[in-house]
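Input: a single structure, listed below in structure tokens.
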């Protein structure tokens with residue numbers, strides 16, 4: 001019976017039926033609390049649901065029951081990585097590699113930790129090892145592309161992202177990453193197409209909405225930029241960056257009242273001095289020089305050097 005619950009839960013996870021998978025794998029651990037593989041697979045499902053704290057507990061139990069289970073160390077390391085606990089993630093990556101030196105996942109995790117620490121050369125080496133072990137590991141290409149972008153090697157990044165897309169052509173994240181590479185190569189047309197494709201695959205992908213709105217702004221397509229910012233706001237209503245971007249568009253369109261309102265909303269959400277700086281320009285467009293000077297003075301006091309120049 002335990003094996004039946006475990007096998008069904010594992011299959012449910014493979015089919016993307018995460019609530020059902022969690023139910024079945026939890027049942028397996030209840031029937032056999034010493035079933036390390038069930039604890040591991042349960043932790044994987046929780047990771048996919050974004051429940052990193054619960055996943056960590058489940059995966060820790062798996063490592064305690066079977067310290068030789070390399071997948072459990074890798075998965076727990078991923079849970080630590082998602083919680084920005086880089087030192088612990090690195091330790092689990094090393095343990096996973098020690099147990100299974102040919103494991104692509106262990107090297108992938110180690111590379112992700114180093115990339116987060118901006119150790120680009122070490123990260124590239126780890127991703128190279130991961131791809132030697134598994135040339136079809138799309139995430140290794142994607143993460144290696146991140147290191148190329150970070151070191152101003154956009155053409156090499158583009159090659160790796162294309163490799164990732166050949167393996168997983170329905171991954172929205174890869175299209176967004178290719179858009180970023182295209183921008184670095186000054187190809188806004190391709191970047192716009194890739195952002196649009198990412199949003200077709202994942203309509204509420206806020207990073208893609210943000211980037212496409214920025215591309216539209218660069219191209220002077222203001223109504224399209226505002227439309228994407230509005231969609232982004234619907235998904236993330238408490239994001240001050242959205243109001244700030246909206247205000248900048250309104251400033252460009254010489255609509256200072258709407259700009260002022262957007263900057264004021266941004267300030268209420270996070271108090272960022274940049275919003276003060278831009279709101280000063282909105283006041284100036286309305287011939288309110290005294291209010292503009294007041295905002296610039298406050299922004300200057302909070303470290304915005306461009307505002308300081310305007311108060312002299």
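What the table shows:
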item: Every residue from the range 247-273 that is part of a loop (DSSP other than H, G, I, E, B) and at negative phi; result: 253, 255, 272
item: Among the candidates 193, 186, residue that is outside any helix (DSSP H, G or I) and either surrounded by fewer than 19 Cβ atoms within 10 Å (Cβ to Cβ) or out of contact with any helix residue (DSSP H, G or I) (no Cβ under 6 Å at 6 or more places or on another chain) (or both); result: 186
item: Where residue 169 falls short, out of the listed (1) surrounded by 20 or more Cβ atoms within 10 Å (Cβ to Cβ); (2) closer than 28 Å to residue 71 by Cα; result: (1)
item: Checking residue 296 against (1) touching a residue at least 12 places away in the same chain (Cβ under 8 Å); (2) assigned to a loop (DSSP other than H, G, I, E, B); (3) more than 29 Å from the chain's Cα centre (by Cα), the condition it does not meet; result: (2)
item: Any chance residue 235 is under 16 Å from residue 208 (Cα atoms) and in contact with a helix residue (DSSP H, G or I) (Cβ under 6 Å, 6 or more places away or on another chain); result: yes
item: Every pair of residues 6+ apart whose Cβ atoms lie under 6 Å, when the first sits in the range 26-41 and is farther than 17 Å from residue 68 by Cα while the second is surrounded by fewer than 18 Cβ atoms within 10 Å (Cβ to Cβ); result: 28/2; 31/2; 32/2
item: Some residue of the range 226-246 being crowded, with 17+ Cβ neighbours inside 10 Å and not in a helix (DSSP H, G or I); result: yes
item: Conditions (1) under 19 Å from the mean Cα position of the chain (by Cα); (2) closer than 27 Å to residue 170 by Cα; number of the one not met by residue 86; result: (2)
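Every read-out reported here was derived from the displayed coordinates using simple, explicitly stated rules and does not represent laboratory data. This is a predicted model, so every value here is computed, not measured. Every residue, glycine as well, gets a Cβ built from its backbone with ideal geometry; the counts of neighbours run over all protein chains shown.
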